[in-house]
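This report concerns only the one structure given below.
The values are calculated or read from the model by the stated rules, or taken from the named source; none is laboratory data. What you are looking at is a predicted structure, and each value in this text was computed from that prediction instead of being measured. Ideal geometry is used to build each Cβ from the backbone, glycine not excepted, and the neighbour counts take in all protein chains shown.
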There are 2 protein chains.
Amino acid sequence: MGKDNARTGLQLRSLAKKSGELELSLVSVAIPDPAPDEVLVRIEAAPINPTDLRLLLWPADMSTAKVSGTADRPVVTARIPEGAIDGITSRLDVSMPVGTEGAGVVIAAGSSPGAQALVGKTVAVVGGAMYGQYRNMRADQCLVLPAGATPADGASCFVNPLTALGMVETMRREGHTALVHTAAASNLGQMLVRICLHDRVGLVNIVRKQSQVDLLRAMGAAHVCNTSAATFTQDLTSALVETGATIAFDATGGGTLAGQILGCMEAALVSKDKEFRHYGSPTHKQVYIYGGLDPSPMQVTRNFGSAWGIGGWLLYPFLQRIGPAAAQTLRQRVAAELKTTFASHYSKEVSLAEALQLDNIVVYSKRATGEKYLINPNKGML
Amino acid sequence: MGKDNARTGLQLRSLAKKSGELELSLVSVAIPDPAPDEVLVRIEAAPINPTDLRLLLWPADMSTAKVSGTADRPVVTARIPEGAIDGITSRLDVSMPVGTEGAGVVIAAGSSPGAQALVGKTVAVVGGAMYGQYRNMRADQCLVLPAGATPADGASCFVNPLTALGMVETMRREGHTALVHTAAASNLGQMLVRICLHDRVGLVNIVRKQSQVDLLRAMGAAHVCNTSAATFTQDLTSALVETGATIAFDATGGGTLAGQILGCMEAALVSKDKEFRHYGSPTHKQVYIYGGLDPSPMQVTRNFGSAWGIGGWLLYPFLQRIGPAAAQTLRQRVAAELKTTFASHYSKEVSLAEALQLDNIVVYSKRATGEKYLINPNKGML
């Protein structure tokens, strides 16, 4: 392509204005020719992950959302609550592309052999701005999907699979032998169930509903505890005694759950250790918060001795900590088990314009089990 | 001493009964002759630390306390609230000696030269059962006090000094350059002020009252924030901007303080870093809870990104982590600076019997600034 005939593509943008308004829109952006070591990917599948919802919508009050513009180019506006704006000053009045990860087909390449070799291949990519028709990527950062895999198969190759593997890796590196996971019926939770079954790692799944218990049990999960059950505390303690889990990954972050998990871990440890300990069990108990499904304050009743920690856990700092070689090992496992361990399920595929329809926003912003959306930025465009 | 003429001594005991009653009493115990490598210390000063109060009183409801027995041998009983008994099953019906640390005079010694060399010396000791007239200790575990130091001078040689030094050491080992301390007007807090002034380490002191602000400012503390001030959040954030503190040690543990500290640390970091970060500042922010002055649940509003941790911190596991050589370096500093950096102040010296008088219990169990008690188990006995 010559420079006179530069390619353009639609891209979804989130703009938080100083005036207190969030604006979502589609803009047409110029797509430069790929550099020598780059390829141009036509994105055909990009999941809406909780991390994307945060950049897309947070902290707007979506109950105030209105749509204007045209069917092809809708514009959504919503009010940002007063006070909430202080937390996002550095992004105010900056139009931000969205979409952590995705997959598509390489339709052009730079001059390097590595880039040229990818032309026509279906690849998975990560790095932001995936809710757009085209994305230039460094060739060596593309994950080539196995033969027969579609962009939808490879859309969620990074965030959920690497987070699930990262939990098990963190468990091992910090000296624990089994783990607890909350919101365990999610796509990520189902991957974790399959990883732990395969690797013979004890896993205690915490869910909120009987239907989620049934789903995970049908997958072969041995320990599923339902927070809605009257026997939840006893169920969890028993599962912790059986597995010996002393580390948990919590997607909710709010309310009493993190503290309850620590309390039950302590009860499980003390039940095995008859000696009186002035400060409780000396075994370290850890809860990592990796999501914010429950935005209410965290409430912790400290009934679990002094060997405990609660902290934030995030994929990218984890990958940095373990280093490129260890991270590459995890990525290779994802590619090898893409259609088994790391299979994702989506309830709906939408175009960029459909992603800005209020009835869709209402559904995908709930982050409910079984309601995960996939954006195909080239749906209806080809 | 022949075996027929064995020495006996009074010892304070805490007994939590299965029936739901806590009983404090003085019992007469036989004091064996010291083994070859041991010395017999006549304990003349032992502080009542929060850690001792925990073993002595917790979880009894001391508003129900009654005293019986005689003036020389009082017996205090109090009710243990239903439910609280589950947390202490392993100590039920076990009569426990109390008193973490103390100091006194070596009045007898085993046959080894190391033990014999200590006869007549004033030594500081740690290891429990210090609320008693006599304590056998291994000679190599005694800290000989400098000439002219009294048992009262050396009574608090371990818990507070090593905890204060351990905070600064933890700060350094975890890559922080300044620290925050709550309940900062305590004996321990005052030691920390002196350590940080000497070592030129940035320290943000958090207190509850103007009189505590005045006390610490008079000692030379540069940053003292009062939670009772309307400007507390801004004051704390400014102090964090100035010092760069990203680690805190909190003696309270309950309520909103730990979360507020993390929130202000994040605000201080973000104010220096204009780039928009999806998940907040990447700098790790840590609060260690080392006490439980506020037994209410901890409430944390997560407005501080994802690089954070809250956890328990305790002296003995810390000393184990750093190893004997590093621990010895800390102990030597305490001995060298006993009457300066590590000087303690007590509001009252009581005998063992006086320690069981209700009017004294009411005062020392408050753990209030300036109300620290010293027990002299040999007061009136010599």
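Pick out the one residue from A:G132, A:G110, A:G114 that is of a type outside the set (K, R) and under 22 Å from the mean Cα position of the chain (by Cα).
A:G132
Of the conditions (1) within 14 Å of another protein chain (Cβ to nearest Cβ); (2) modelled with pLDDT under 95, B:V98 fails just one. Which one is it?
Looking at each condition in turn, B:V98 falls short on (2).
Looking only at the stretch B:297-304, decide whether some residue is in a strand (DSSP E or B), surrounded by 20 or more Cβ atoms within 10 Å (Cβ to Cβ), within 11 Å of chain A (Cβ to nearest Cβ) and basic (K, R).
No, there is no match, as no residue in the stretch B:297-304 is in a strand (DSSP E or B), surrounded by 20 or more Cβ atoms within 10 Å (Cβ to Cβ), within 11 Å of chain A (Cβ to nearest Cβ) and basic (K, R).
What are the residues in the stretch A:317-336 that are buried (at least 17 other Cβ atoms within 10 Å of the Cβ) and either in a loop (DSSP other than H, G, I, E, B) or within 14 Å of chain B (Cβ to nearest Cβ) (or both), if any?
A:F318, A:L319
Restricting attention to the stretch A:36-55, report how many residues are surrounded by 15 or more Cβ atoms within 10 Å (Cβ to Cβ) and either farther than 23 Å from A:N160 by Cα or at pLDDT 95 or above (or both).
The total comes to 12.
For residues that are farther than 20 Å from A:L315 by Cβ and touching a residue at least 12 places away in the same chain (Cβ under 8 Å), tally how many sit in the stretch B:274-293.
Qualifying residue count, the stretch B:274-293: 8.
Between B:K348, B:K339, B:K366, which is surrounded by fewer than 16 Cβ atoms within 10 Å (Cβ to Cβ) and free of Cβ contacts under 8 Å to residues at least 24 places away in the same chain?
On inspection, the qualifying residue turns out to be B:K366.
Out of all the residues in the stretch A:179-202, which are surrounded by 20 or more Cβ atoms within 10 Å (Cβ to Cβ) and either among the hydrophobic types (A, V, I, L, M, F, W, C) or free of Cβ contacts under 8 Å to residues at least 12 places away in the same chain (or both)?
Scanning the stretch A:179-202 gives A:L179, A:V180, A:A183, A:A184, A:A185, A:L188, A:M191, A:L192, A:V193, A:I195, A:C196.
Between residues in the stretch A:40-53 that are of a type in the set (D, E, K, R) and residues that are modelled with pLDDT of 95 or more and outside any loop (DSSP other than H, G, I, E, B), which pairs lie under 7 Å by C-beta distance while being six or more apart or on different chains?
So the pair list comes out as A:R42/A:G104; A:R42/A:V105; A:R42/A:I107; A:R42/A:Y134; A:E44/A:A103; A:E44/A:G104; A:E44/A:V105; A:E44/A:P151.
Within the group B:G309, B:G291, which residue is assigned to a loop (DSSP other than H, G, I, E, B), among the small types (G, A, S) and either crowded, with 22+ Cβ neighbours inside 10 Å or within 11 Å of chain A (Cβ to nearest Cβ) (or both)?
Result of the check over B:G309, B:G291: B:G291.
Determine which member of the set A:L315, A:L319, A:L330, A:L356 is in contact with a Pro (Cβ under 9 Å, 6 or more places away or on another chain), under 30 Å from A:L240 (Cα atoms) and either among the hydrophobic types (A, V, I, L, M, F, W, C) or touching a residue at least 40 places away in the same chain (Cβ under 8 Å) (or both).
A:L330
Give me the residue from the stretch B:111-141 that is of a type in the set (S, T, N, Q), surrounded by fewer than 20 Cβ atoms within 10 Å (Cβ to Cβ) and under 29 Å from B:S95 (Cα atoms) and, out of that set, modelled with the highest pLDDT.
B:N136
With the stretch A:191-257 as the region, which strands (runs of 3 or more DSSP E) entirely inside it contain at least 3 residues that are within 22 Å of the chain's Cα centre (by Cα)?
Output list reads A:202-207, A:247-250.
Out of the stretch A:95-110, which residues are polar (S, T, N, Q) and surrounded by fewer than 22 Cβ atoms within 10 Å (Cβ to Cβ)?
Hit for the stretch A:95-110 is A:S95, nothing else.
Regarding the stretch B:271-288, can at least one residue be identified that is within 30 Å of A:W58 (Cα to Cα) and part of a helix (DSSP H, G or I)?
Looking for residues that are within 30 Å of A:W58 (Cα to Cα) and part of a helix (DSSP H, G or I), one finds at least one in the stretch B:271-288, hence yes.
Is it fair to say B:G323 is at pLDDT 90 or above and on the phi > 0 side of the Ramachandran plot?
The answer is yes for B:G323.
Restricting the search to the stretch A:85-95, which residues are touching a residue at least 12 places away in the same chain (Cβ under 8 Å) and either facing chain B (nearest Cβ under 9 Å) or closer than 24 Å to B:G263 by Cβ (or both)?
Matches in the stretch A:85-95: A:I85, A:G87, A:I88, A:R91, A:L92, A:V94.
Looking only at the stretch B:239-283, count how many residues are more than 13 Å from chain A (Cβ to nearest Cβ), of a type in the set (V, I, T) and surrounded by fewer than 23 Cβ atoms within 10 Å (Cβ to Cβ).
Number satisfying all stated conditions: 2.
For B:K66, all conditions in the list (1) within 29 Å of B:G291 (Cα to Cα); (2) buried (at least 20 other Cβ atoms within 10 Å of the Cβ) hold save one; what is the number of the exception?
Status for B:K66: all satisfied but (2).
Name the residues in the stretch A:341-367 that are polar (S, T, N, Q) and either assigned to a helix (DSSP H, G or I) or within 18 Å of the chain's Cα centre (by Cα) (or both), would you?
Scanning the stretch A:341-367 gives A:T341, A:S344, A:S347, A:N360, A:S365.
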